[in-house]
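The values are calculated or read from the model by the stated rules, or taken from the named source; none is laboratory data. No experiment lies behind these values; they were computed from the predicted model shown. Here the Cβ positions follow ideal geometry from the backbone for every residue, glycine too, while neighbour counts run over all protein chains shown. Ligands, DNA and RNA are excluded from the accessible area calculation, which covers all protein heavy atoms including side chains. Shrake-Rupley method; radii C 1.70, N 1.55, O 1.52, S 1.80 Å.
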Amino acid sequence: MRVISQNIISSFTATLCLGLIGLLFAPLLPAQEYPADLARGKAVYQRNCQACHGVGGWGDGPDAQALKVAPANFHRFPSFLKSDEELLRTIEHGVVFSPMHAWRGQLTDGEMQDVVAYIRLLAQQGR
Ligand code: HEC
């Protein structure tokens, strides 16, 4: 009986220690820049994405017609239903065999998160 309760106490102490160590190192984890900065997202979008995806995100930007693969229309269900992480992954790594190239290296993590937030905003707006 004694042994068991000692075990419980020591595992409790171990958990507590791990927790404290976690707290200690938390500031070193990569910063998530939340809440998203929509103004910056908009600026990033206008500079890099609008020519293909269009002002309203309907996939009808001036460069879209010349493309073999049409830019995504963010209002369509297949885009609308994707999670932020999925969209972020696409922006980060691009889409193979399409004009949508990877933006990693050209945009920072924060800029990519902000532009996803801006795309979400566009997708909620009508024409
Ligand atoms: C040269 C044109 C072009 C530019 C510039 C461009 N895209 Fe795209 N994008 C595409 C095309 C084409 C697709 C669709 C590929 C496909 O059909 O799978 C796409 C797909 C996407 C998707 C996936 C949507 C989905 O439903 O899976 C996201 C998100 C996206 N683009 C975001 C961006 C962002 C953010 C930028 C600017 C930083 C950007 N794109 C710039 C052409 C472009």
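The table below gives the values:
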{"quantity": "Looking only at region 97-127, and only at residues there that are open to solvent by 70 Å² or more (accessible area, probe 1.4 Å) and within 9 Å of the ligand (Cβ to nearest atom), the one that is farthest from the chain's Cα centre (by Cα)", "calculated": "PHE97"}
{"quantity": "Residue selected from region 26-64 under the condition assigned to a helix (DSSP H, G or I) and at pLDDT below 95, by the criterion least open to solvent (accessible area, probe 1.4 Å)", "calculated": "ALA26"}
{"quantity": "Residue that is of a type outside the set (S, T, N, Q) and near the ligand (Cβ under 6 Å from one of its atoms), where the choices are ALA66, ALA51", "calculated": "ALA51"}
